[in-house]
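No lab work stands behind these numbers, since they all come straight from the coordinates. What you are looking at is a predicted structure, and each value in this text was computed from that prediction instead of being measured. A quick note on method: Cβ atoms are made from the backbone with ideal geometry, for glycine too, and the neighbour counts reach across all protein chains shown.
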Amino acid sequence: MEAQLASNRRKTFALFAVVGLYMLLIPVVIFLFTDDWVFPSITFGVLILYILFRYFRALKSFIRLHKAIPANRNAHRSLYLAVENTAIRLGIATPKAYIISDPALNAFTAGSKPKNYIIGVTTGLLEKLDDKELEGVIAHEFGHIVNKDTQVNTLAFVFMLAFLFFLDLVRVMSFSSSSSRRGNNGLLILILFAMAVVGLIIAVCIRFAISRQREYLADATSVQITKYPEGLASALRKIASEGSALKKSSTMSSHLFLSNPNKFSFFSKLFASHPPIDDRIKQIEALGRSGY
Amino acid sequence: MPWIIIGVVVLLIVVVIGIYNSLVKKRNRVDQSESDIDVQLKRRYDLIPNLIETVKGYAKHERETLDAVVKARANAMKQTGSTSQSAQKAENILEGALKNLFALSESYPDLKASTNFVELQRDLTDTEDKIQAARRFYNDTLRIYFDALQTFPSNMVAGLFSFKAQGDYFDISPAEAANPQVKF
């Protein structure tokens, strides 16, 4: 399992390196066309700032979007204790426990550093799962934290946003290109547009590939933590039958949830942020048989 | 030629420093995780007097069982360091005495129904879970440290600077013994 984790980290790093290098191409291309370093540097700087801005606001946006509220030790005792005790088990700072009021069964984790990690579940999940199942789910979420998935998934998503933003920038640039070097600029705009679209496609594919792979890993980590694969497997079975689609969800944050929070649709199959639940259950049961 | 030798020596020194620092960090983590166990054990010690008083209110004739708990608690608190064999033994005795006390509540329906008792029982169960979790983490840090002490090349640096193997594993359960530690 450690080897799998290490290879996964290398793959993720490689993917991000590819995207980063691709982004660096943008100012280079602009320079090649305009023989000016100022404009491309500003463009690149704006892109970087946008990425940083979105990345560090991701947690607040998430909490606001889903109306997540801090859990109460008395009202949500089993959740509170599961989070506390698993943190002790892993020797890390206790993340804040949160609740989303929704009958669907789901769980989530978000945050960019140990000081601001949050883990939460829906009220539906808290009602329907027993202690062992809840433990498995919380261990899965801790798996995300320990594997740095919250950062990676958020970064992958923010890169996607960055290319969307860049598409907009190109559109604005196309309106304001000066008339004096029209021909050359026209070609540049076209190339930048193509780069934005290609970059967006790359970022989207990467985002979903990473997200799916990390779900499998978090399941495996959960089994390692609890030494009780049946807990999480049983929880996933309940989720499969009862449904995890939230009333208020969005594709923007799906990568932070235990199971797909969006209602099924043609697109959600194509761009699935989560592997099929049956596959996940099978993998977990295989781990149970082969040892972990 | 001499430059190559100097280069190799410098590289060697850098590597040894790196291994040394990593050994120090691993040992410190073991010490830290041991204090974490102490924190959870203290939670239990703090809950017990309240429990004793509550039970006395309903079953004050059960002197033997109550005294056993009080004695076991005092003995456990005396132990230095939570991971020595004697400390583990003292904790086991305390846990046994508490079990007897809770078994007692079956014969006293009023006690069993009292909200105070129910809450204390709940809190003590949770404390058990927390102690268990802390012990499992301690086992992990210990195994990581022991691995470093025994595997090549860190075992050479460890010998050079006299890093000692210290402390014992906790007996958690056969399942734990069969599966290696969680490593991230």
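Before moving on, here are some points about what is shown:
- Relative to the 2.2 N^0.38 Å rule of thumb, segment A:1-133 has a C-alpha radius of gyration ratio of 1.49.
- Counting only DSSP beta bridges with both residues in segment A:1-135, the antiparallel share comes to about 55 percent.
- Of A:LYS96/A:LYS248; A:LYS96/B:LYS164; A:LYS115/A:LYS263; A:LYS132/A:LYS247; A:LYS227/A:LYS247; A:LYS113/B:LYS130, those spanning more than 31 Å from alpha-carbon to alpha-carbon: A:LYS96/B:LYS164; A:LYS115/A:LYS263; A:LYS227/A:LYS247
- Computed with the Debye formula from one identical point scatterer per Cα of segment A:13-62, without solvent, the log10 of I(q)/I(0) at q = 0.19, 0.31 Å⁻¹ comes to -0.71, -1.05.
- Stokes-Einstein D (µm²/s) once Rh is taken as the Kirkwood radius of segment A:121-245 over alpha-carbon pairs, at 10 °C in 1.306 mPa s: 91 µm²/s
- Proximal lysines to A:LYS282, defined as alpha-carbon separation beneath 16 angstrom and excluding residues fewer than eight positions away on the same chain: A:LYS238
- Rounded to the nearest 500, the helix-only mean residue ellipticity at 222 nm of chain A stands at -24000 deg cm²/dmol, with each DSSP H run of n ≥ 4 adding -39,500 (n - 2.57).
- 0 to 90° range, to nearest 10: angle between helix A:277-290 axis and chain A longest Cα axis: 60 degrees
- Extension reserve of the B:TYR169-B:SER22 stretch, reckoned as 0.36 nm per residue once the Cα distance is removed: 50.8 nm
- The simple spin-label model puts a point 7 Å past each Cα toward its Cβ; for B:ARG43 and A:LYS263 those points are separated by 4.3 nm.
- Between 0 and 90 degrees, the angle of helix A:38-66 with respect to the longest Cα principal axis of chain A falls at about 20 degrees.
- Scattering profile of segment A:2-289 at q = 0.12 Å⁻¹ [log10 I(q)/I(0), Debye over alpha-carbon scatterers]: -0.77
- Compared with the dominant principal axis of the Cα atoms in chain A, helix A:149-175 is inclined by about 30°.
- Distance histogram for segment B:15-174 (every C-alpha pair counted, 5 angstrom bins, percent rounded to whole numbers): 1, 9, 16, 17, 14, 11, 9, 7, 5, 4, 3, 2, 1, 0
- Shielding by partners for peptide B:137-147, expressed as the average number of C-beta atoms from other protein chains within 10 Å of each residue's C-beta, is 1.
- Between B:GLN150 and B:THR115, the contour length at 0.36 nm per residue exceeds the alpha carbon distance by 7.4 nm.
- Rounded to the nearest 5, the antiparallel percentage of DSSP beta bridges internal to segment A:2-289 is 60%.
- The helix-based estimate of mean residue ellipticity at 222 nm for chain B, built from -39,500 (n - 2.57) per DSSP H run of four or more residues and divided by its residue count, is -27500 deg cm²/dmol to the nearest 500.
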